[in-house]
Amino acid sequence: MHKYIVLFFSVTFLLSACTGNKTKEAIIKHDQMVNLLTEVHIIDGGIYSIPQNPDSLYKYGTGRYIALFKKHHTDTAQFSKSLKYYTTQPLELQAIYVEVLKNLAKKTDSLTKIQQKQYNALPQK
């Protein structure tokens, strides 16, 4: 009986060790995840400005997300799996979001500068 218990735990340990490497390979890399999440949040912000009808997310969002995932050579399943993995690694996820916030701040600053130039170009009364 003791032999079977040891065998069971040994096999369980080996199988869990083997699946860990496959999971790590299927995860989106840090830099690509930063870019992907930056663009996901930009799309989310764009959809937020659309009037919220029951089908507006499906109607306006689905195509944008599909194009984004094609651009980054991934799909929703891999993105979900990667996001789930990074939520189990809080320090890594925090580092990712620090970079995402920096990227969004840069984009906001550049848009503000463009708007300021356009405002200054208007004829003054």
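The values are calculated or read from the model by the stated rules, or taken from the named source; none is laboratory data. Nothing here was measured: the structure is a model prediction, and the numbers come from that model. Cβ placement follows ideal geometry from the backbone for every residue including glycine, while neighbour counts extend to all protein chains displayed. Heavy atoms of the whole protein, side chains included, go into the accessibility calculation; ligands, DNA and RNA do not. Shrake-Rupley method; radii C 1.70, N 1.55, O 1.52, S 1.80 Å.
Within the range 66-120, being open to solvent by less than 80 Å² (accessible area, probe 1.4 Å) and aliphatic (A, V, I, L, M) holds for Ala67, Leu68, Ala77, Leu83, Leu93, Ala95, Ile96, Val98, Val100, Leu104, Ala105. Restricting attention to the range 96-118, does a residue exist that is among the aromatic types (Phe, Trp, Tyr) and touching an Asp or Glu at 6+ places or on another chain (Cβ under 9 Å)? Among the residues of the range 96-118, not one is among the aromatic types (Phe, Trp, Tyr) and touching an Asp or Glu at 6+ places or on another chain (Cβ under 9 Å), which makes the answer no.
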